[in-house]
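Novice: One structure follows; several queries about it will come next.
The values are calculated or read from the model by the stated rules, or taken from the named source; none is laboratory data. Bear in mind that the values here come from a model prediction, so they are computed numbers and not experimental data. Every residue, glycine among them, receives a Cβ derived from its backbone with ideal geometry; neighbour counts consider all protein chains shown. These accessible areas exclude ligands, DNA and RNA; they are computed on the full protein's heavy atoms, side chains included. Shrake-Rupley method; radii C 1.70, N 1.55, O 1.52, S 1.80 Å.
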Amino acid sequence: MYLMIQKRKKTVEKGRPVEVWDDYFKCWCEVKSLYGKELYSALEAKLENVVNFETRFCGKLEAINTKEYRVKWGERQFNIISVDYGRYERRKVVLKAQEVV
């Protein structure tokens, strides 16, 4: 499956701030649900509709942060909660994201 990572772009139009999401990077991913301890921790924090997107590491993914980027998977949009680089072994990246409803 493919996901699109989008970057927030803030501009000013007619004196008003406008927020636009531009496509940043498209990559293959494996979508994984939360299980076990991770699931219970998310439920305690009242995080619903949380999914892990696991993808191969690449240089463009190093720039991702939780404030300026989001994930678009099909027609669904997800805010990134955390980015896990797997002890910085440069093999895979796991994006934990919550669906925008």
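Novice: Estimate the FRET efficiency between residue 99 and residue 60 by the formula 1/(1 + (r/R0)^6), using the beta-carbon distance for r and 22 Å for R0, to the nearest 0.05.
Specialist: So, using R0 = 22 Å, E works out to roughly 0.45.
Novice: Quick one: among 70, 87, 16, which has the greatest mean-square fluctuation in a GNM of the chain with alpha-carbon springs under 10 angstrom?
Specialist: Among 70, 87, 16, the largest GNM mean-square fluctuation belongs to 16.
Novice: Calculate what fraction, in whole %, of the accessible area of the chain sits on carbon and sulfur atoms when a 1.4 Å probe is rolled over the protein chains.
Specialist: Values: 3530 of 7300 Å².
Carbon and sulfur: 48 percent of the exposed surface of the chain.
Novice: Here is a follow-up. From the C-alpha gyration tensor of the chain, pull out the three semi-axes of the equivalent ellipsoid (sqrt of 5λ each), sorted largest to smallest, in whole Å.
Specialist: Over the Cα atoms of the chain, the semi-axes work out to 24, 18, 12 Å.
Novice: Can you give the helix-only mean residue ellipticity at 222 nm for the chain, where every DSSP H stretch with n ≥ 4 adds -39500 (n - 2.57) and the sum goes over all residues, rounded to the nearest 500 deg cm²/dmol?
Specialist: Theoretical 222 nm ellipticity from helices: -2500 deg cm²/dmol.
Novice: For the chain, with every protein chain kept in place, what is the accessible area per residue (1.4 Å probe, Å²)?
Specialist: Solvent-accessible surface per residue comes out at 72 Å².
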